[in-house]
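Data first, discussion second: the structure below is written as structure tokens.
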Amino acid sequence: MATGSSAVIFDMDGVLLDSEPLHYEAVRLILEEQGVDFPLEDYFRYLGTTLTSTWDDLCERYPISMPFEDFEGRYNSDVLAQYLAGAPLIGGARALVAQLRDAGVPIAVASSSHRIWVDAALSGAGLSEYFDQTTAGDEVSMGKPSPEIYLKAAEKLGFEPADCIAVEDAPAGVESASAAGMRVVLVRSELTNDLDLASDWQVDDLTEFKLTWLSKPSANLVGTA
């Protein structure tokens, strides 16, 4: 394992890419065909959940006749197409990964998304070239909040988890990285502003990420940038 330095491991959706709108739009269009009005505020309740549990709950709440298999195939293909077309970047994302890369800091992605989505999303956004490793949800037996995906990402980089900083935006991701023993940067959003999440640093976007954090132990500065 590499020692004496830090690596940075990014979640993808909501951290590097402003991709939740495209996921919402894919679901909204499918439900519209089922005669269901699905406002954005209703979609927020499903952030960070599995597609199966999302569909089960939707079917309980709305009069939906579509089988899950049909929904899954349509949803996956629609999201993939939008990723390939290029999802918008979170503020400061490209500048930060380029800065880390130029500074020789190993960086990786640990995303719960399918491998085909991760590859398509990073390629479509022009970010593939920056990352040393990527780990997708298909490669682990338990998703976030289990620490498995972050432990695997650290192993791929050749770093101890304690020498890694995870950048997350969701409660399940923060819990996953913390359980893996990593320092955590939370990218705040309207969905997490009112939550008490045990992160070491909190930022409004990636322009506030400080390279000095790479040489510091856990700061426990919850609520500060």
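Please give the contour-minus-distance gain from E60 to E72: 0.36 nm per residue of separation, less the Cα-Cα distance, rounded to one decimal in nm.
Numbers: separation 12, 0.36 × 12 = 4.32 nm, distance 1.69 nm.
Net length gain for the segment: 2.6 nm.
Under a 5 Å amide H to amide H cut-off, with H placed in plane at 1.01 Å, what residues pair with T135 once short-range neighbours are removed?
Answer set, sorted by chain and number: V109, A110, S111.
Taking every DSSP beta bridge with both residues inside the chain, roughly what % is antiparallel (nearest 5)?
Around 5 percent of the beta bridges assigned by DSSP in the chain are antiparallel ones.
Using all alpha carbons of region 19-101, what is the percent of pairwise distances in each 10 Å bin, ordered from the shortest bin to the longest?
Result, from short to long distances: 15, 46, 24, 11, 4 percent.
Please state the relative contact order of the chain as a whole percent: Cα pairs under 8 Å, 6+ residues apart?
Relative CO of the chain lands at 23 percent.
Just the Cα atoms of region 1-159, one point each, no solvent: what log10 I(q)/I(0) does Debye give at q = 0.12, 0.18, 0.20 Å⁻¹?
With no solvent term, the Cα-only Debye profile gives -0.57, -1.11, -1.30.
Quick one: which residues, 5+ away or cross-chain, put their amide H under 5 Å from the amide H of R183? H built at 1.01 Å from N.
Correct list: C164, A166.
Which of rounded, prolate or oblate describes region 76-225 when judged by the alpha-carbon gyration tensor and an a/c cut-off of 1.5?
In terms of gyration-tensor shape, rounded.
Rule-based calculations on the coordinates, nothing more; no lab input. Values in this document were obtained by computation on a predicted structure and should not be read as measured data.
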